[in-house]
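I have placed the structure first, in the form of structure tokens, so that the comments after it can refer back to it.
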Amino acid sequence: MTSVLLIYPYFKNQNNRSSFRFPPLGVGYVAASLRNAGYRVDILDCTFMKRDEALKKAQCAGADIVGIYSMVTMRNDSIWFARQLRESCDLLIAGGPLPSCDPLSFMEDFDVVVKGEGGAGHLRVAQDI
């Protein structure tokens with residue numbers, strides 16, 4: 001069975017005392033769609049992790065496919081993960097708001113860039129191709 005790791009690369013800044021956080025709901029929706037299609041899926045939410053801990057967990061997951069979410073504030077961390085995981089997976093996918101708006105800037109570090117929403121309807125189309 002193909003294994004997928006979805007990464008939400010938000011690292012909480014130690015100086016940021018705001019309690020407001022964005023849960024990775026979009027990543028969760030994609031994970032649910034993939035599971036329904038028969039894939040083994042893990043989610044790595046980096047919100048309360050240190051960078052080295054998150055990388056170790058990503059590497060230990062041993063996923064065939066790694067999908068990394070990105071928005072403007074996560075761009076550098078998304079690219080960093082892609083570069084660190086390049087040799088340990090078969091396929092690197094970028095998704096989220098920033099890759100949807102600026103896909104070409106992700107093509108150097110990723111194999112695939114998803115534009116738009118990544119829900120069940122899109123997954124079904126991708127499977128049928």
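All conditions but one from (1) over 13 Å from the mean Cα position of the chain (by Cα); (2) of a type in the set (A, V, I, L, M); (3) outside any helix (DSSP H, G or I) apply to L92; the one that does not is (1). Evaluated against (1) closer than 18 Å to S3 by Cα; (2) at pLDDT below 90; (3) assigned to a helix (DSSP H, G or I), G118 falls short on exactly one condition, (3).
Give, as residue ranges, the strands (runs of 3 or more DSSP E) completely inside the stretch 1-87 that count at least 1 residues that are touching a residue at least 40 places away in the same chain (Cβ under 8 Å) and crowded, with 16+ Cβ neighbours inside 10 Å.
On the way: elements: 3-8, 40-45, 65-69.
Where strands (runs of 3 or more DSSP E) fall fully within the stretch 1-87 and carry at least 1 residues being touching a residue at least 40 places away in the same chain (Cβ under 8 Å) and crowded, with 16+ Cβ neighbours inside 10 Å, they are 3-8, 65-69.
Residue-by-condition table, conditions (1) β-branched (V, I, T); (2) closer than 18 Å to Y10 by Cα:
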{"site": "V41", "(1), (2)": "yes, no"}
{"site": "M49", "(1), (2)": "no, yes"}
{"site": "S88", "(1), (2)": "no, no"}
{"site": "A94", "(1), (2)": "no, yes"}
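As a summary of the residue check, M107 satisfies the conditions (1) more than 18 Å from R51 (Cβ to Cβ); (2) hydrophobic (A, V, I, L, M, F, W, C); (3) touching a helix residue (DSSP H, G or I) at 6+ places or on another chain (Cβ under 9 Å) except for the one numbered (3).
The values are calculated or read from the model by the stated rules, or taken from the named source; none is laboratory data. The structure presented is a predicted model; accordingly, all values stated were derived computationally and were not measured. Note that we place each Cβ from the backbone using ideal geometry, even for glycine, and neighbour counts take in every protein chain shown.
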